[in-house]
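A.B. asks: Below: one structure in structure tokens.
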Amino acid sequence: MAASSFFLAVAVAVVALAAAGGGGAEAATVEHTFVVHEMNATHLCNTTKIYVVNGQFPGPTVDVAEGDTVVVHVVNKLPHGLTIHWHGVRQIRSCWADGAGFVTECPIPPGRQHTYRFNVTGQVGTLWWHAHITCLRATINGAFIIRPRDGKYPFPTPAKDVPVIIGEWWQLDLIELDRRMLDGNFDDNPLSATINGKLGDLSNCSGTVEESFVLDVVRGQTYLLRLINTALFSEYYYRVAGHTFTVVGADGNYLTPYKTEMVTVAPGETIDVLMVADAPPGYYHMIALANQPPEPDPQIPVFTSRGLIRYAGAAANNNDLPVPMPVMPHQHNTMPSYYFHKNLTALALPERHRVPMHVDERLFITLGLGSICRGTNKTCQRRRSPETIVVATMNNVSFLHHNTTSLLERYYDGTSEGLYTEDFPDRPPRPYNYTNRELIPPGPLEEALEPTFKATKLRRFKYNTSVEIVFQSTTLLQSDSNPMHLHGYDVFVLAQGVGNFNPKVDVSKFNYHNPQLRNTVQVPRGGWAAIRFLTDNPGMWYLHCHFEFHIIMGMATAFIVEDGPTPETSLPPPPPEFKRCAANGFSQP
């Protein structure tokens, strides 16, 4: 199909969708049982204990239609607690089912079970689910697909859709990894990337080639690849030799079709792409390559997984031919990620894309690192010594995670005094050149900005408040990008840029016509991202960077959204299946 015809077809489909109003089969209840357990897996000459659901890595796909009710019974056979988070599901008036450990619920204890029940009205596309306690999401994860109720997409119907889950292979036990990071040790790295749990043939052991993910295709057909980044540590570039992609969705929302040879997907993000099998029949490699900032540690290993596109009828003719490899960027070149994310716009549907044109509350949030004294929640006088531990901050506050109670439960019961405060700051305590490269290594400039503290500081919003946030990545002791995930909401991404945000100039770049709707916003390395949303979903909603080390280090907070004026705009009481912290063996501090 010619490009002009493709875009015309999309435009016609969008009009048809808007006119149809979501007809189709009646909504159903889709029920799953997740048994979470340990099992052994052997890769790279070593057998490793991993944590999985129903014996699968990645875990089972939850496949539903818009408007369905989802019921998942989680049976915990691990020796420690966990929760399951339904990443990107808006959980309208069902905050109790969000699955954010110690934020919306206490973990499911060993040997116990818990039922999650929620509705997926008003969402279509690719989301995912994962463990939300410690580093377990590295292997306890899976796709969450919401199909249109009437079966119609605003793009040519694919012959097949395939989840492509990019992750990491850790030889180190994930519980031990979490313990080390809590103690301030961030020297561990995964051994490889994975595609749908496969390390690929670039990894070998004693002459045995590791298994690769293989996608079988038929020439002339179109495939919908649902890319999901479940990695703890890295953003990934993804490319297939000899093929191009048309990006059509992200985070469960449609995008204006965007043609590209390579996709960038950050931790927590999902990207939907169409790939036409239009190459000469044969074999073609796909590559998932982690991109890493060059500073402060240029010696981070290369994490790569290689899979295969295999055309029908190609085997007999191509066994002796070299398999084409895609050309990938350098692992430390982060600019392709910036341009990829910057070029995406929404396929605007009238009922969803109404950007609030007024702003009730503005926040400017810096994202960086700092240090505190080991064993306390305050800064040390002797920084850069064994007494200190490095922490991550938002506006120079490192979030203190509680591990004996649920913030939502205490808020709902009116017993939150002494647990948290509601004074998360609007701005950092002092302005500075946030992207000055001289702040990356320890030195006089950095030392003046490094002192911080840990506290559970939240922010409260009235119902139906228009909120604008500018996230500013800093170079304070690091130069990472920051994939910021807000539970319970899709947010309009108005603009992204590199360098320091300048309101006198950059506000004029805001896209009010067709900004992306995202639940995870990639804040560029040494740059900024501006978002806007309406607080129309009451509850307690976790906001955090989706790099696992940043979460553990404290780059997080939570937003309280008050009830609206009616029962339909208020958070209902906990459902019958919800287990309070006391019932799960946790005592209030």
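The values are calculated or read from the model by the stated rules, or taken from the named source; none is laboratory data. It should be emphasised that the depicted structure is a prediction, and the values quoted were computed from it without experimental measurement. Backbone-built Cβ (ideal geometry, glycine too); neighbour counts: all protein chains shown. Accessible surface is based on the protein model in full, side chains and every heavy atom, while ligands, DNA and RNA are left aside. Shrake-Rupley method; radii C 1.70, N 1.55, O 1.52, S 1.80 Å.
A.B. asks: List the number of the failed condition for Tyr542; all other conditions in (1) in a strand (DSSP E or B); (2) crowded, with 21+ Cβ neighbours inside 10 Å; (3) in contact with a helix residue (DSSP H, G or I) (Cβ under 8 Å, 6 or more places away or on another chain); (4) not hydrophobic (A, V, I, L, M, F, W, C) hold.
C.D. replies: Tyr542 satisfies every listed condition except (3).
A.B. asks: For the structure I just gave you, tell me whether Ala530 is surrounded by 18 or more Cβ atoms within 10 Å (Cβ to Cβ) and either outside any strand (DSSP E or B) or in contact (Cβ under 8 Å) with a residue 40 or more places away in the chain (or both).
C.D. replies: Criteria met by Ala530.
A.B. asks: Now, a different point. Any chance region 180-196 includes a residue that's at pLDDT 95 or above and either open to solvent by 20 Å² or more (accessible area, probe 1.4 Å) or over 21 Å from Tyr284 (Cβ atoms) (or both)?
C.D. replies: Yes, some residue in region 180-196 is at pLDDT 95 or above and either open to solvent by 20 Å² or more (accessible area, probe 1.4 Å) or over 21 Å from Tyr284 (Cβ atoms) (or both).
A.B. asks: May I ask you to list the residues in region 41-54 that are open to solvent by less than 40 Å² (accessible area, probe 1.4 Å) and within 25 Å of the chain's Cα centre (by Cα)?
C.D. replies: Ile50, Tyr51, Val52, Val53
A.B. asks: Say we look at region 442-474 and pick out the residues that are outside any strand (DSSP E or B) and hydrophobic (A, V, I, L, M, F, W, C); which of these is least open to solvent (accessible area, probe 1.4 Å)? Before you say what the answer is, go through the steps one by one.
C.D. replies: Going residue by residue through region 442-474, those that are outside any strand (DSSP E or B) are 442-450, 452, 456, 458, 462-465, 474.
Subset that is hydrophobic (A, V, I, L, M, F, W, C): 445, 448-449, 458.
Details: Leu445: 89, Ala448: 59, Leu449: 24, Leu458: 0 Å².
Only one residue fits best here, namely Leu458.
A.B. asks: Here's something else I'd like to know. Please work out which residue is surrounded by the most Cβ atoms within 10 Å (Cβ to Cβ), limiting yourself to region 156-179 and to residues that are at pLDDT below 95 and more than 21 Å from Phe57 (Cα to Cα).
C.D. replies: Filtering region 156-179 for residues that are at pLDDT below 95 and more than 21 Å from Phe57 (Cα to Cα), the one surrounded by the most Cβ atoms within 10 Å (Cβ to Cβ) comes out as Pro156.
A.B. asks: Please state which of the following conditions Arg137 fails to meet, knowing it meets all the rest: (1) in contact (Cβ under 8 Å) with a residue 40 or more places away in the chain; (2) under 28 Å from Asp563 (Cα atoms).
C.D. replies: Status for Arg137: all satisfied but (2).
A.B. asks: Mind listing whichever residues of region 55-73 are surrounded by 15 or more Cβ atoms within 10 Å (Cβ to Cβ) and without any contact (Cβ under 8 Å) to a residue 40 or more places away in the chain?
C.D. replies: none
A.B. asks: Which members of region 434-466 meet the condition of being within 20 Å of Gly527 (Cβ to Cβ) and within 28 Å of the chain's Cα centre (by Cα)?
C.D. replies: The answer is Tyr434, Thr435, Asn436, Arg437, Leu439, Ile440.
Conditions (1) at pLDDT 95 or above; (2) crowded, with 24+ Cβ neighbours inside 10 Å; (3) over 17 Å from Ile166 (Cβ atoms); (4) among the small types (Gly, Ala, Ser), marked per residue:
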site	(1), (2), (3), (4)
Thr256	yes, no, yes, no
Thr260	yes, no, no, no
Ala266	yes, yes, no, yes
Val276	yes, no, yes, no
Pro294	no, no, yes, no
Gln299	no, no, yes, no
Ile309	yes, yes, no, no
Asn318	no, no, yes, no
